[in-house]
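Comments concern the structure below.
The values are calculated or read from the model by the stated rules, or taken from the named source; none is laboratory data. As the structure is a computational prediction, the values presented were derived from the model and not from experiment. When we count neighbours, we look across all protein chains shown, and the Cβ atoms used for this are built from the backbone with ideal geometry, even at glycine.
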Amino acid sequence: MIRGIDHLVLCVHDLDKARRLYERLGFTVTPRALHPFGTGNHLIQCEGNFIELLAVVEPAKIVAAEPGGFSFGDHNARFLKGGEGMSMLALFSDDARRDQGEFAANGLDTYPVFNFSRRATLQDGRQVTVAFSLAYVTDARLPGIALFVCQQHAPEYFWKPEYQRHANGAAIVSEVVMVADEPAALRALFEKLEGAENVKAGDGSLTVNTARGRIVVLTLSAFARRFPAAAVPAAGAAPRFAAYRVAVADLGRVATLLTKNAVTFGKAGGRLRIADAFGMIVEFSEDEED
């Protein structure tokens, strides 16, 4: 079963500082929400997927994982000890329990499905409950990174049109980029997540086509060619998510907005690029795919 990119978890130390930057990038950012397990977030909703700015806001509520379990809060708290960046990638699910069973049958390292809910405020002031079921996957080849599927139980309350309209014209998160010494070493993992027919090896790369967007894994040299101004991880470092791309309607409109908001950016190959947004490179492109 092929699954689309649901959202990116971008882990930061200072949630307010991250919100301010993303507003300067032209995104509409949701109000802060609190999780019952010590983290808080702001969301940037696009057309069917979203970006989650996440921080540890109540450290006393962070609980370590029990044996055989997974702790969302503890995972992100530990990730932050090594710096900011993308700690997790979520894929869409309409049945997290089914997906967990499929992943386990494929030999992936899985955990019991995690269910949680939180309160949300609608535009008219009504308080509603949004609820989620998450099925996690970890892999020894991706230390410090977690993958999971996210099932929403009340999507009619989660998705809000007013938060999907952005000054920069953002439409969808179209690509996530990982850098690794040996992308081919991750092929079996992604084949078990998305199906072998959706994973293709290239020159210095591995491309995973999902139902919504794609995941690209680049070697150090391929990463340096695509992002020549970025810091390249040292050889032997663990694979990490390093960049993502957002499809927009008008790149000129984005450039004008970034200039007005005093955001430094570069331009290459029909893309605008912000070199360092809390450990991530952010790209804007008019095309969802090259």
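What residue, among those in segment 12-40 that are under 18 Å from the mean Cα position of the chain (by Cα) and assigned to a strand (DSSP E or B), is nearest to Ala60 (Cα to Cα)?
Thr39
In segment 232-247, how many residues are surrounded by 23 or more Cβ atoms within 10 Å (Cβ to Cβ) and under 17 Å from Ile172 (Cβ atoms)?
Total meeting the criteria: 4.
Could you grab me the full set of residues in segment 257-278 that are surrounded by 14 or more Cβ atoms within 10 Å (Cβ to Cβ) and β-branched (Val, Ile, Thr)?
Passing the criteria: Val263, Ile274.
Conditions first: (1) of a type in the set (Lys, Arg); (2) within 30 Å of Glu156 (Cβ to Cβ); (3) surrounded by 13 or more Cβ atoms within 10 Å (Cβ to Cβ). Arg119 passes all but one, so which condition is the exception?
Checking Arg119 against (1) of a type in the set (Lys, Arg); (2) within 30 Å of Glu156 (Cβ to Cβ); (3) surrounded by 13 or more Cβ atoms within 10 Å (Cβ to Cβ), the one that fails is (3).
I'd like the full set of residues that are free of Cβ contacts under 8 Å to residues at least 40 places away in the same chain and surrounded by fewer than 19 Cβ atoms within 10 Å (Cβ to Cβ), limited to segment 78-112.
Those that are free of Cβ contacts under 8 Å to residues at least 40 places away in the same chain and surrounded by fewer than 19 Cβ atoms within 10 Å (Cβ to Cβ): Lys81, Arg97, Arg98, Gly101, Ala104, Ala105, Asp109.
Residues that are within 22 Å of the chain's Cα centre (by Cα), at least 2 per element: which strands (runs of 3 or more DSSP E) completely within segment 190-290 meet that? It would help to see each step written out before you state the result.
On the way: elements: 199-202, 205-209, 214-218, 240-248, 266-268, 271-277, 280-285.
Ranges flagged: 199-202, 205-209, 214-218, 240-248, 271-277, 280-285.
Confirm whether Tyr111 is assigned by TED's automatic domain parsing to the domain that holds Ala55, over 20 Å from Thr210 (Cβ atoms) and touching a Gly at 6+ places or on another chain (Cβ under 7 Å). Break it down stepwise before answering.
Values: assigned by TED's automatic domain parsing to the domain that holds Ala55: yes; over 20 Å from Thr210 (Cβ atoms): yes; touching a Gly at 6+ places or on another chain (Cβ under 7 Å): yes.
Considered against the rule, which asks whether it is assigned by TED's automatic domain parsing to the domain that holds Ala55, over 20 Å from Thr210 (Cβ atoms) and touching a Gly at 6+ places or on another chain (Cβ under 7 Å), Tyr111 comes out as yes.
Check segment 17-29 and report whether any residue there is in contact with a helix residue (DSSP H, G or I) (Cβ under 8 Å, 6 or more places away or on another chain), at positive phi and at pLDDT 95 or above.
yes
Table: residues versus (1) of a type outside the set (Val, Ile, Thr); (2) over 23 Å from Val176 (Cβ atoms).
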{"site": "Ile44", "(1), (2)": "no, no"}
{"site": "Glu58", "(1), (2)": "yes, yes"}
{"site": "Ala65", "(1), (2)": "yes, yes"}
{"site": "Ser71", "(1), (2)": "yes, yes"}
{"site": "Gly82", "(1), (2)": "yes, no"}
{"site": "Ser87", "(1), (2)": "yes, no"}
{"site": "Leu91", "(1), (2)": "yes, no"}
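Can you go through Glu47, Glu52 and tell me which one is within 15 Å of the chain's Cα centre (by Cα) and in a loop (DSSP other than H, G, I, E, B)?
Details: Glu52 fails: in a loop (DSSP other than H, G, I, E, B).
Sole residue among the options that is within 15 Å of the chain's Cα centre (by Cα) and in a loop (DSSP other than H, G, I, E, B): Glu47.
What pairs come out if I take residues in segment 191-212 that are over 19 Å from Val173 (Cα atoms) and pair them with residues that are at pLDDT below 95 and hydrophobic (A, V, I, L, M, F, W, C) whose C-beta lies under 6 Å away, six or more apart or interchain?
Gly195/Ile2
Checking Gly48 against (1) in contact (Cβ under 8 Å) with a residue 60 or more places away in the chain; (2) within 30 Å of Ala249 (Cβ to Cβ); (3) surrounded by fewer than 16 Cβ atoms within 10 Å (Cβ to Cβ), only one condition comes out false. Which one?
Every condition holds for Gly48 apart from (3).
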